[in-house]
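Asks: Quick one: the structure is below, questions incoming.
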Amino acid sequence: MSCALTLLIPTTKAPPGAWSAADAVSAQAIATKAEVLVVSGHAIANPAPDAPCRVLHLPGADVFELRAAGLADARGEIIVVLEDHNSPSDDFCARILGAFEAHPGADGVVGSAANGAPGLLDRASFLITFGPFLAPMREVSLDRCPPPGIVAFRRSVVPNGVPQPGWLEFEMVVGLRDRGLLVADDRVQMSHIQHLGLRAFPIHFHSGRAYGGLEHEPRSSLSRSQRLRDAARVPIVLMRQTREGLRRGNTRESFACRVAVGALATANAIGQTVGVLFGPGKSASHLE
C-alpha cells in the first residue's frame, strides 16, 4: 500500500540507538500519514518500534547497501533519507510535503542542517560534510553533492528493483541537480547529532576511501591520474567550502575548529587516494 511519504532510516546500530531517529519522527509521521522505514544491518534482529515504523533486516549490510535496499522497499510517493543520528524539526514531514507542493516541477528538495554535537572534532566533522548546506541556503551548491540526511525526492526517479550501492549518494542526486530538478528549501531543517571524538579521523578516512574506490558515474569516467589529482585537492576544497558556509550563515568558529577541519579533510584525502589506488576495501562497513 502506497503512502505520501517514506522516512528511510538506514542503521548498523543495535537498539536503542537504532531507533532514536525513528522515535523522533513517529508522531509527525502518523499525523502526515507517512511511513518510517528502518533498514537495519545489525547482526541481531530486534523488535521494531510501534507503527508507523517497520523494519527491513539485512544483517551485515553496509550503509550504501541499506539505503539501496530501502529505496526498493519504500512505499512513499516521496522518499526522504535520514541518518540514525538525525533529529528533524517537529514539522519536518509537513515541510517536506509543502516544499514539493511549492515546487511542482522539482524531483528533489535539499534541506538545511544544523550541528547538535558540541565537541571540537564533532563540529569539525559536521562542517566538512554539511558546510555548504547551512541556512540561509537559497540554491543548491554546484560543487558539492548533497549528503543523505537532507535530501528528499520523488519515488518516480528511483528505478525498479534495488539500485547499485552508491547510486543514490553519487549519481542520482548529482543527476537531478545537473538537470535543474533539484531545489533548495532551507525551511526543511534537521539537526545532525553525531558524537565521534577521535573516531572522526578513521570515519573520514573510510568515507574518502569508499568514495574514491567505488565505481560510479561521473567518477568512473575519469582517469586514475585525474582522480588522484582530485584527491590531493580535497583539503583545500573542503576548507574553502566550510569557510563559505560559515560566512553565509554569519557564523564564527574557533581557530582550533578550523585546524581540525583541515586535519579531517586530510584524512579524507588520504582515504580517497587509497581508494583510487587499491579500491574501497571494507571501508563502507565502517561508516555510520
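Nothing in this text is a laboratory measurement; each read-out follows from the coordinates by a stated rule. Bear in mind that the values here come from a model prediction, so they are computed numbers and not experimental data. Virtual Cβ from ideal backbone geometry, glycine too; neighbours counted across all protein chains shown.
Asks: Against the 2.2 N^0.38 Å scaling, with N counting residues, where does region 180-288 land? I'd like the Cα-based Rg ratio to two decimal places.
Replies: The value comes to 1.18.
Asks: In whole Hz, with x marking every Gly and Pro, tabulate ³J(HN,Hα) for region 265-275 from phi via Karplus 6.51 cos²θ - 1.76 cosθ + 1.60, θ = phi - 60°.
Replies: Each residue of region 265-275 in turn: 5, 5, 4, 5, 5, 4, x, 4, 4, 4, x Hz.
Asks: Next up: Could you give the Stokes-Einstein D for the chain in µm² per second, using the C-alpha Kirkwood radius, 10 °C, 1.306 mPa s?
Replies: Estimated via Stokes-Einstein, D reaches 83 µm²/s.
Asks: Spelling out what I want: for every residue of region 50-65, take phi, set θ = phi - 60°, compute 6.51 cos²θ - 1.76 cosθ + 1.60 (Karplus), and round to whole Hz; glycine and proline get x.
Replies: 5, 3, x, 8, 9, 10, 10, 9, 10, x, x, 6, 8, 5, 5, 5
Asks: Mind listing the phi-derived Karplus ³J(HN,Hα) values for region 97-114, rounded to whole Hz, using 6.51, -1.76 and 1.60 with θ = phi - 60°, and x for any glycine or proline?
Replies: My calculation for region 97-114 gives 4, x, 5, 6, 5, 6, 10, x, x, 8, 9, x, 10, 10, x, 10, 10, 9 Hz in order.
Asks: Pull out a ≥ b ≥ c, the square roots of the eigenvalues of the alpha-carbon gyration tensor of region 118-234, then state rounded if a/c is under 1.5, prolate if not and a/b is larger than b/c, and oblate in the remaining case.
Replies: In terms of gyration-tensor shape, oblate.
Asks: Mind listing which trypsin sites (Lys or Arg not before Pro) in region 29-110 are in a DSSP loop and have 14 or fewer other Cβ atoms within 10 Å? Mind dumping the intermediate values first?
Replies: Values: sites: 33, 54, 67, 75, 95; in loops: 33, 75.
Listed in order of number, the matching sites are 33.
Asks: Follow-up question, since we're still on this one. Taking a ≥ b ≥ c as the square roots of the Cα gyration tensor eigenvalues, with a/c under 1.5 meaning rounded and otherwise prolate when a/b beats b/c, else oblate, which class fits region 6-84?
Replies: In terms of gyration-tensor shape, oblate.
Asks: Only Cα pairs within less than 10 Å get springs; with that Gaussian network setup on the chain, which residue of 164, 189, 241 has the largest fluctuation?
Replies: Among 164, 189, 241, the largest mean-square fluctuation in the Gaussian network model of the chain belongs to 164.
Asks: So, one more: Only helical DSSP H runs with n ≥ 4 go in: add -39500 (n - 2.57) per run for the chain, normalise by residue count and round the 222 nm mean residue ellipticity to 500 deg cm²/dmol.
Replies: It lands at -12500 deg cm²/dmol.
Asks: Further question on the same structure: Nearest 5 percent is fine: what portion of the DSSP beta bridges confined to the chain is antiparallel?
Replies: Within the chain, antiparallel bridges account for around 30 percent of the total.
Asks: Springs between alpha-carbon pairs under 10 angstrom, Gaussian network model over the chain: which of 96, 150, 30 fluctuates most?
Replies: Answer for the Gaussian network model of the chain: 30.
Asks: Which net charge results when you count Lys and Arg as +1 and Asp and Glu as -1 among the other residues whose beta-carbon is under 13 Å from that of residue 149?
Replies: The answer is -3.
Asks: Mind running the shape call on region 159-218? Use the C-alpha gyration tensor, a ≥ b ≥ c as the square roots of the eigenvalues: rounded below 1.5 for a/c, prolate if a/b tops b/c, oblate otherwise.
Replies: Here region 159-218 falls in the oblate category.
Asks: To continue, here is another question. Specify the inter-centroid distance of region 221-284 and region 154-206, based on alpha-carbon positions, in whole Å.
Replies: Taking the Cα centre of region 154-206 as reference, the centre of region 221-284 is 17 Å away.
Asks: Once amide H atoms are built 1.01 Å from N in the peptide plane, which residues 5 or more positions from residue 186, or in another chain, come under 5 Å H to H?
Replies: So residue 186 has HN proximity to 137.
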